[in-house]
Amino acid sequence: MTKLTIVAFDGSRVDLDVADGSTVMENAVRNSVQGIEAECGGACACATCHVYVDEAWTDKVGPPEPMEEDMLDFAYDVRPTSRLSCQIKMTPELDGLIVHTPEKQA
Ligand code: FES
């Protein structure tokens, strides 16, 4: 099992044990984590699963693909660490990953 932590805008945090190959968004939705809406169900077509990757993890997670980058244009308060959580797949290399939810989704 791989560890994933999601920190909400208000500072509350949820620590999850997640399956490798699952996405950050899937785990957030499955565990009813507030702040990630994921209206399109993970098709990279809504930008309501926007998160900020913790700065300690940005290199390991890597940058968005071009299609994701286009969708991020529709997200609220986009920053250099912004990603769509449906496009981040958990792997053993990401064990301990921390992401932060924005104040609101677009
Ligand atoms: Fe819609 Fe991620 S769930 S873009």
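For this structure, a couple of remarks:
- Answer residue from segment 42-59, given it is away from the ligand (no atom under 12 Å from the Cβ) and free of Cβ contacts under 8 Å to residues at least 40 places away in the same chain and is farthest from the chain's Cα centre (by Cα) among those: 59
- So residue 62, is it over 19 Å from residue 5 (Cα atoms) and either within 12 Å of the ligand (Cβ to nearest atom) or out of contact with any Lys or Arg (no Cβ under 6 Å at 6 or more places or on another chain) (or both): no
- Subset of segment 9-28 that is of a type outside the set (Phe, Trp, Tyr) and open to solvent by 70 Å² or more (accessible area, probe 1.4 Å) - its residue that is nearest to the chain's Cα centre (by Cα): 26
- Residue within segment 18-37 that is in contact with a Ser or Thr (Cβ under 8 Å, 6 or more places away or on another chain), of a type in the set (A, V, I, L, M) and more than 16 Å from the ligand (Cβ to nearest atom) present: yes
- Total residues in segment 31-63 satisfying the condition of being aliphatic (A, V, I, L, M) and either open to solvent by less than 20 Å² (accessible area, probe 1.4 Å) or within 17 Å of residue 14 (Cβ to Cβ) (or both): the figure is 6.
- Within segment 65-87, being more than 10 Å from the ligand (Cβ to nearest atom) and either part of a loop (DSSP other than H, G, I, E, B) or small (Gly, Ala, Ser) (or both) holds for 65, 73, 76, 77, 78, 79, 80, 81, 82.
The values are calculated or read from the model by the stated rules, or taken from the named source; none is laboratory data. The structure presented is a predicted model; accordingly, all values stated were derived computationally and were not measured. Backbone-built Cβ (ideal geometry, glycine too); neighbour counts: all protein chains shown. Please note that ligands, DNA and RNA were not included when accessible areas were found on the heavy atoms of the full protein model with its side chains. Shrake-Rupley method; radii C 1.70, N 1.55, O 1.52, S 1.80 Å.
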